[in-house]
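Novice: Below is one structure. I have some questions about it.
The values are calculated or read from the model by the stated rules, or taken from the named source; none is laboratory data. Only a predicted model underlies this, so the values are computations on that prediction, with no experimental measurement involved. Positions of Cβ are generated from backbone atoms using ideal geometry, with glycine treated the same way; all protein chains shown enter the neighbour counts. Areas reflect the complete protein model, heavy atoms only, side chains present, ligands, DNA and RNA absent. Shrake-Rupley method; radii C 1.70, N 1.55, O 1.52, S 1.80 Å.
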Amino acid sequence: MSSTTTGLGGAAVLQRDKLVEGNKTLASVNDDIARPLETFPTKVWYGVFTVALLMLVGGFTCIGWVIANGLGNIGIENPVNWGVFIINFVFWIGIGHAGTLISAILFLFRQKWRTSINRSAEAMTIFAVMTAGLFPLIHVGRPWLAFWLFPYPNTRGPLWINFRSPLVWDVFAVSTYLTISAVFWYVGLIPDLASIRDRAKNKLRKTVYGILCLGWRGSNRAWSHYEIAYLTLAGLSTPLVLSVHTIVSFDFAVSLLPGWHTTIFPPYFVAGAIFSGFAMVVTLLVIARESFNLQNYITINHLEAMNKIILLTGSIVGYAYASEFFMAWYSGDKYERFIFIQRALGPYAWAYWTMISCNVMWPQLFWFKKIRRNIKIMFIISILVNIGMWFERFVIVVTSLNNDFLPSSWRYYRPTLWDWGVTIGSFGLFFTLFLLFCRLLPVIAMAEVKAVLSVGREGEKHV
């Protein structure tokens, strides 16, 4: 995010792009970011929120029906005994990775361009992980017995959880990830909540935000403790970016099933998670940028930087796809080779090539600067990427199961109306939570944006 120009006397000057445009002052930052919280929502917000809420209600209606009438109502059967629920679980866990990466890792590397986008990304992480947590509960068929997964003293005799199962590892990894991400997000909110409290004219509003900001006064001592706590949480969060989706990949990789039993899955899943997570961040930030007039804070430079990361991780994912085919051929394992030929040329070839086009081909357009900086095109590509990543999980789960070792048991897996209803409901839950977040809490970290106001105006450096 920098460009070189020639200064007086022929000296090269490193001119850093502005992180905040419009010559904003400290007061105008507060006014602009707090405005959506202090004014009535627009008709567009009400319209989108109504659609998201209807999707949510429809999805939970489908969940209630499935639980009441049994999992026989959904498309899973032998040999495809994992279906859309596990696909959605892996998909939503992946979406949650970009928030931690932007907030924690970029913070540790002192990347100041993260300041306008980290708050929305952190919120997205929490909502995505909450959404993902629904699917294993539904998939077990008796969600009211989900507490059996936790290792607490019980009176059920020898009945105990199987610590060798990667599904149990998921419980610990995802719950830890959600806890750390939520605390990290909340700690970052505290100074901004105090700003909203000080601006509040309504007594109830002032009281609520006063409680939430934990009595923040902005003293030097408070800021010193805050920075230590924030840095510590960033350090704790960073390993989770790698560990959580690595453990999710173990659901597949530790099995002996052709197409799943491969050592490339952990790094491949992590790269794919960051890829899909950044695409969802671009989708949400473009909507927030246009809906709340935040063009001076979420600039084209921010979006371009994220598009570069999408290009990088998309290329890594494409390399992983090619490596899988190469290893299937090089290994000499006829079953492994059969599975990958079936993926590309078999009954689910339509899903495989949808995955390839959305995840590998379309992101390559980001090699061109004009496309990286075009709002409409990046928005479309970000949606295509997440469609492709959903189909990636579909291909991994279904194509390895539907053609097993016994041809007489082969089945063509078709998700039912209830599968699609629950899937649509998960998007309704995610967008409902995100839209409420935009109305009740600052979408952009005001305190962090104020710290970079001078970058690009006074941050020039002679080389």
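Novice: Let me know the charge dipole size of the stretch 298-378 about its Cα centre in debye, to the nearest 20, where only the beta-carbon of Lys, Arg (+1) and Asp, Glu (-1) is charged.
Specialist: The calculation lands at about 440 debye.
Novice: Helix by helix through the chain, keep the DSSP H runs that span 15 Å or more along the axis on Cα and average at least 1.0 on Kyte-Doolittle, and give those back in order.
Specialist: 43-69, 84-95, 265-291, 375-402, 417-440
Novice: Between residue 243 and residue 23, how high is the FRET efficiency from 1/(1 + (r/R0)^6) when r is the Cβ-Cβ distance and R₀ = 45 Å? Nearest 0.05.
Specialist: After rounding to 0.05, the efficiency reads 0.55.
Novice: Separate question: Could you work out the mean projected area of the convex hull around the alpha carbons of the chain, in square nanometres to one decimal?
Specialist: Its average projected convex-hull area is 26.7 nm².
Novice: Listed highest first by mean packing, meaning other Cβ atoms within 10 Å per residue, what order do 265-278, 164-177, 61-74 come in?
Specialist: 265-278, 164-177, 61-74
Novice: What FRET efficiency do you get for residue 330 and residue 211 if R0 is 56 Å and r is their Cβ-Cβ distance, rounded to the nearest 0.05?
Specialist: So, using R0 = 56 Å, E works out to roughly 0.35.
Novice: Relative contact order of the chain: what whole-number percent is it, with Cα pairs under 8 angstrom and at least 6 residues apart?
Specialist: 34 percent
Novice: While we're here: Roll a 1.4 Å probe over the protein chains and send me the accessible area per residue for the stretch 16-113 in Å².
Specialist: 46 Å²
Novice: Which aspartates and glutamates, if any, have their Cα less than 19 Å from the Cα of residue 334, not counting same-chain residues under 8 positions apart?
Specialist: Candidates past the 8-residue exclusion: 324, 404.
Novice: Per residue, how much accessible area does the stretch 347-421 have with a 1.4 Å probe, in Å²?
Specialist: Each residue of the stretch 347-421 exposes 50 Å² on average to a 1.4 Å probe.
Novice: Still on this structure, I have one more. At most 15 other Cβ atoms within 10 Å plus a DSSP loop assignment makes a site exposed; report the longest stretch of the chain without any exposed GluC sites (Glu not before Pro).
Specialist: 78-457
Novice: If you don't mind, another one. Which value at 222 nm does the chain reach when only helices count, each DSSP H run of 4 or more adding -39,500 (n - 2.57), with the total divided by all residues and rounded to the nearest 500 deg cm²/dmol?
Specialist: Value at 222 nm, helices only: -21500 deg cm²/dmol.
Novice: Measure off, as a whole percent, the carbon and sulfur share of the 1.4 Å-probe accessible area of the chain, all protein chains present.
Specialist: The value for the chain is 68 percent carbon and sulfur by accessible area.
Novice: Given a 1.4 Å probe and the protein chains all in place, what does the accessible area of residue 207 round to, in Å² to the nearest 10?
Specialist: Spelled out: residue 207, probe radius 1.4 Å, area about 70 Å².
Novice: What aspartates and glutamates sit close enough to residue 369 to cross-link, taking a C-alpha to C-alpha distance under 15 Å and skipping anything fewer than 8 places away on the same chain?
Specialist: Cα-Cα hits under 15 Å: 304.
Novice: Let me ask something else about it. Pairs 308/370; 43/376; 376/450: which exceed 19 Å Cα-Cα?
Specialist: 43/376; 376/450
Novice: Quick check: pseudo-label points 7 Å beyond the Cα along Cα→Cβ at residue 67 and residue 293, how many nm apart are they?
Specialist: 4.4 nm
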